[in-house]
Amino acid sequence: MNLDLAKVRASYGVIKVIGGVRDQLHSPRAGRNMKNFTRLLYFTLLMIVASMCSIAWAQQAYPKDVIDFINSRDLCDSLRGDIPDPSPDNAKEEREFVDEVNKSCDGTDDALASLKKKYSTNSVIMQKLNSYEPRIEAKR
């Protein structure tokens, strides 16, 4: 059997390192570190769950017509941000896209105005509604 001394020394170093890591994992300090890590993990999970609950609660705080408007207007605003720059090569596709954006945004200005009138005494709803631009639709 022919052993390469360099390989044996290298493998001994790996075993030594692994043994050192094992010793560190079983030290009293490692136990404290593991407890702290576990506490941090639980705290992080708790914060994630709490934030998800607050988002769900905030959406439930609005009436259905306001939630419908928010969803519709957010979609509209998202699509408006995706309108490409004019290009003679894609004129037909661009026109079709702009038409789709106009369809999804159609009526949102009037809906916003009527919701503001309906909920003018509710400061929480008004704060949300005031975050939207009052006029985004093209005048016809």
From fewest to most C-beta neighbours within 10 Å, the residues PHE97, PHE69 line up as PHE97, PHE69
A correct fewest-to-most ranking of ASP65, ASP85 by other Cβ atoms within 10 Å would be ASP85, ASP65
Give, in nm to one decimal, the length gained when the segment between THR121 and ASP109 is fully stretched (0.36 nm per residue of separation minus the Cα-Cα distance).
2.3 nm
Potential lengthening between ASP82 and ARG135 on full extension [0.36 nm per residue; Cα-Cα distance subtracted]
17.2 nm
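Read the figures in this text as sums done on the coordinates, not as results from a lab. Because the structure is predicted, anything quoted here is derived from the model rather than measured. Here the Cβ is made from the backbone with ideal geometry for all residues, glycine too, and neighbour counts use every protein chain on show.
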